[in-house]
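The values are calculated or read from the model by the stated rules, or taken from the named source; none is laboratory data. Predicted model, so just to flag it, every value in this text is computed and none were measured. Quick reminder, even Gly has a Cβ in these numbers, built from the backbone with ideal geometry, and neighbours come from all protein chains shown. What goes into the accessible areas is simple: the full protein's heavy atoms, side chains included, and nothing from ligands, DNA or RNA. Shrake-Rupley method; radii C 1.70, N 1.55, O 1.52, S 1.80 Å.
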Amino acid sequence: MDKQSLLSFYREKMQDVSVKAGGDTKHRNYTLMINHMIRKLQDKHIEEIFARSEKENWSRQKILDAVLMSRYTANIIMIEQRNKIWPYDYMSFSRRIGELWEPFCKEIFSHPVKELKIIKPPSFEAVQASIKNKTETYINRLPIDDVMKRTLQYYYRTPWSIVDSGGIKLKLDLHFSQKNSLQEEIHYHCDFKSGFNSNEKGNTNRLLSVASVYHAYSEKEKMIMFIRQKEEENNHYLQTLKNSGYWEVFCADEAYGKMKEFTGFDLRKWLDENADWENDIDKELRQYLQKNNLLKYLTW
C-alpha cells in the first residue's frame, strides 16, 4: 500500500473511536486506548508485509521501505487522534515527535541491509566479575611479595564493596554487534536522544557511568549516541558526553550518515523522499498546529 492508501486505511479504522469530554485522567485513558489500537493495527499490517515479502522474495531494501511507510503513516494517525482528544501544547508535542523518532530509527537496525546482529547487553554482575578477574590476575603477576599483593587487592576490592550492583543498569536503547575491517566482532551500545536540554544532568551522569563500565570491560565495546537535533540546538550536557572520551556523538544528518554506515540503509534519503509531515497530516491538525506555532516541531 502506498502512503495515501495507508493514511486512508488507518484513518478509516480509527474513525469510529468515540471521544468524550472529561478531565485529564480520562483524556490520558483515551489516549492510551487509541495508541494501543493503532499499534495493534500497525503490527498486523507489518506481519502481512513480512508474510508477503517471504512469499515473493523481497529484497531487504523493499521490506524496509514498506515497514517504514507503515510506521510513518501510523504515527501520523496517532498524533491526529491524540490532538482530537487532548490538544497538544508545545512541550507535549515536541516531546511526542522525539519519542516516535527512536523506534522509527531502530527499524533499520532490526531489518538491516548490511549484516549486523541485535544482542542483549551484559549484566552488571558479569561485567563486574570480568573486570575484577582481569585486575586481580594482573596484580598476582606483579613482581612483588605476597603482602604487597594482598594489600593492593584489598584496596582494589574496597570500592567494589560499596557499589550497589542493582544501581547500574547497562541496558540502553539499542545493542548490536558487527564485524570491523579486521573481521573482529565489535559490540555497539547505542542511545537515541531527541535533544539535550536543561533537565538532563541526571541522565548525563547515568550515561557517563554506564559508558565507563563498558570502557573498563573491553576495548571492543563501543558507545554511540544518536541525536535528532542539530548539535548547536543542544546544551552543554551534550558537550560533556562528547568530550568524555567514552561516547561517539552524532547529531542530525551526521546521525543518519552513521546509521547508514552500520545498516546500509539511507534513512535520511527515505525521509526526504517520503515524509512530508505538513502535507500528510489532516487539515484539522495542520490548522491547529499553524494557529499555535507548532508546525516547526514536525522535523525528523
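General observations
- In the context of the full protein assembly, H111 retains an accessible surface of approximately 60 Å², using a probe radius of 1.4 Å and ignoring ligands and nucleic acids.
- For the chain, relative contact order (Cα pairs under 8 Å, six or more residues apart, normalised by length) works out to 18 percent.
- Accessible carbon and sulfur surface of the range 41-90 relative to its total accessible area, %, 1.4 Å: 48 percent
- In plain terms, the bigger the Kirkwood radius, the slower the diffusion; for the range 36-79, with that radius from Cα pairs, at 37 °C and 0.692 mPa s, Stokes-Einstein puts D at 306 µm²/s.
- Accessible surface for Y138 stands near 140 Å², nearest 10, in the context of the full protein assembly shown (1.4 Å probe).
- Once the mean of 1/r is taken over each pair of separate Cα atoms and inverted, the range 184-229 shows a Kirkwood hydrodynamic radius of 11.7 Å.
- For the chain: accessible area per residue (Å², 1.4 Å): 56 Å²
- Considering every alpha-carbon pair of the range 186-285, the percent of pairs per 5 Å bin, from zero through the bin containing the longest distance, is 3, 12, 20, 20, 16, 13, 9, 5, 2, 1, 0.
- Rounded to whole Hz, the Karplus (6.51, -1.76, 1.60) HN-Hα couplings of the range 233-243, x for glycine and proline: 8, 9, 9, 5, 5, 5, 5, 4, 5, 5, 8
- Hydrodynamic radius of the range 236-282 per Kirkwood, over alpha carbon pairs, in Å: 12.7 Å
- Carbon and sulfur %, accessible surface of the range 158-300 computed with the full protein complex present, 1.4 Å: 45 percent
- Protein-only accessible surface at a 1.4 angstrom probe places the residues F262, F250 in the order F250, F262, largest first.
- According to the Cα-based calculation, Rg over Rh for the chain is 1.06, with Rh computed by the Kirkwood formula.
- Ranking by accessible area, most exposed first, for V67, V147 with a 1.4 Å probe: V147, V67
- Each Lys or Arg adds one and each Asp or Glu subtracts one; over the other residues with Cβ under 12 Å from the Cβ of K132, this totals 0.
- Along the chain, longest interval not containing exposed trypsin sites (Lys or Arg not before Pro), exposed being DSSP loop plus at most 15 other Cβ atoms within 10 Å: 21-113
- Based on DSSP H segments of at least four residues, each scored -39500 (n - 2.57), the chain has a per-residue ellipticity at 222 nm of -20000 deg cm²/dmol.
- Within the full protein context, the accessible area of E102 is estimated at about 50 Å² for a probe radius of 1.4 Å.
- Diffusion coefficient of the range 133-254 by Stokes-Einstein, Kirkwood radius over Cα pairs, 4 °C, 1.567 mPa s: 77 µm²/s.
- Percent breakdown of C-alpha pair distances by 5 Å bin, ordered from the shortest bin, for the range 61-159: 2, 9, 13, 11, 8, 8, 7, 8, 7, 7, 7, 6, 4, 2, 1
- Equivalent-ellipsoid semi-axes for the range 81-133 (Cα gyration tensor, √(5λ), whole Å, largest first): 37, 19, 8.
- Rounded tilt (10° steps) of 90-110 against the dominant C-alpha axis of the chain: 70 degrees
- Each Cα pair under 8 Å and six or more residues apart adds its sequence gap; the mean of these over the residue count of the range 148-300 is a relative contact order of 16 percent.
- Projected over every direction and averaged, the convex hull enclosing the alpha-carbon atoms of the range 257-300 yields 3.5 nm².
- The count of lysine pairs in the range 23-87 whose Cα atoms are under 27 Å apart, excluding pairs fewer than 8 places apart on the same chain, comes to 8.
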